[in-house]
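A short write-up of the structure that comes next.
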Amino acid sequence: MARQKREFEYNTFIHILNKLNPELRLKTKFLKRFKEILRISKNRFHVKITNYCILNNHFHLCAFFEEKNNVTVSEYMHWLETVLAIYINKTLERHGKVFADRFKSKIVKTKKYFRKLFNYIKENIKKHMLISKDPELINYSSHHFYASGIADLIVTHFRDLIPFAKLNDK
């Protein structure tokens, strides 16, 4: 059976997530490198990341793809996940899948869903900090940017993009 075509629109927010292969759990050095690769990918593809959360077994991004840059979510994620997989496999001297499956993406169509997604990603990092008892996890999310205004080279404030986004008022 053929895969269903991935839904994509320019000038919209897109929730992107993926889980790692269950046998992998990223340690701090991998989380740091993931964050650096995310920063590089943002600049390379001119994708706006409004919210992110990188955990030891999965990640969430809220990204904005502008039509003028002519990059799709599939092209972006292909590069991001390939670079990350090569780094992890080389560093751990292993072969095989790094991600459990294809990434998932969902177009954010309403302001209500955008708020829900924004809060979900923010709370997700806090939940995992409590579970793992690792306060350092906060460094691998956009939470610190919005909570305390600490600069983050990855984040584009969502207020700068809302006027350009295709969002219904619901």
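The values are calculated or read from the model by the stated rules, or taken from the named source; none is laboratory data. Computed from a predicted model, the values in this text were never measured in an experiment. In this analysis, Cβ positions are derived from the backbone assuming ideal geometry, glycine residues included, and neighbour counts consider all displayed protein chains. Just the protein is used for accessible areas: all its heavy atoms, side chains included, with ligands, DNA and RNA removed. Shrake-Rupley method; radii C 1.70, N 1.55, O 1.52, S 1.80 Å.
Answer yes or no as to whether Lys127 is at pLDDT 65 or above and outside any helix (DSSP H, G or I).
No, not satisfied.
Return yes or no: is Arg6 basic (Lys, Arg), under 20 Å from Ser141 (Cα atoms) and open to solvent by 10 Å² or more (accessible area, probe 1.4 Å)?
Against the criterion (basic (Lys, Arg), under 20 Å from Ser141 (Cα atoms) and open to solvent by 10 Å² or more (accessible area, probe 1.4 Å)), Arg6 does not qualify.
Restricting to the stretch 99-125, and then to whatever is among the β-branched types (Val, Ile, Thr) and within 16 Å of the chain's Cα centre (by Cα), can you tell me which residue is surrounded by the fewest Cβ atoms within 10 Å (Cβ to Cβ)?
Restricting attention to the stretch 99-125, the residues satisfying the condition of being among the β-branched types (Val, Ile, Thr) are 107-108, 110, 121, 125.
When the remaining residues are screened for being within 16 Å of the chain's Cα centre (by Cα), the result is 107-108, 121, 125.
Numbers: Ile107: 15, Val108: 24, Ile121: 22, Ile125: 21.
Top of the filtered list is Ile107.
So Met1 ticks every box in (1) open to solvent by 50 Å² or more (accessible area, probe 1.4 Å); (2) aliphatic (A, V, I, L, M); (3) within 15 Å of the chain's Cα centre (by Cα); (4) modelled with pLDDT under 90 but one. Which box is left unticked?
(3)
Any residue at all in the stretch 69-77 that is within 15 Å of the chain's Cα centre (by Cα) and of a type in the set (Val, Ile, Thr)?
Yes.
Is the stretch 21-32 home to any residue that is of a type in the set (S, T, N, Q) and modelled with pLDDT under 90?
yes
Tell me which residues, restricted to the stretch 130-170, are outside any helix (DSSP H, G or I), of a type in the set (Ser, Thr, Tyr) and either modelled with pLDDT under 65 or touching a helix residue (DSSP H, G or I) at 6+ places or on another chain (Cβ under 7 Å) (or both).
Within the stretch 130-170, Ser141 is the sole residue that qualifies.
What number of residues within the stretch 25-75 are out of contact with any helix residue (DSSP H, G or I) (no Cβ under 6 Å at 6 or more places or on another chain) and aliphatic (A, V, I, L, M)?
Selection size over the stretch 25-75: 6.
For the stretch 16-29, what are the residues that are open to solvent by less than 20 Å² (accessible area, probe 1.4 Å) and within 15 Å of the chain's Cα centre (by Cα)?
Matches in the stretch 16-29: Ile16, Asn18, Leu20.
Hey, any hits in the stretch 40-52 for a residue that's open to solvent by less than 80 Å² (accessible area, probe 1.4 Å), among the hydroxyl-bearing types (Ser, Thr, Tyr) and in a helix (DSSP H, G or I)?
Yes: one or more hits.
Filter the stretch 53-89 down to residues that are among the small types (Gly, Ala, Ser) and assigned to a helix (DSSP H, G or I) and give me whichever is most open to solvent (accessible area, probe 1.4 Å). Before you say what the answer is, go through the steps one by one.
Applying the first criterion (among the small types (Gly, Ala, Ser)) to the stretch 53-89 yields 63, 74, 85.
Keeping just the survivors that are assigned to a helix (DSSP H, G or I) gives 74, 85.
Numbers: Ser74: 53, Ala85: 22 Å².
So the residue we want is Ser74.
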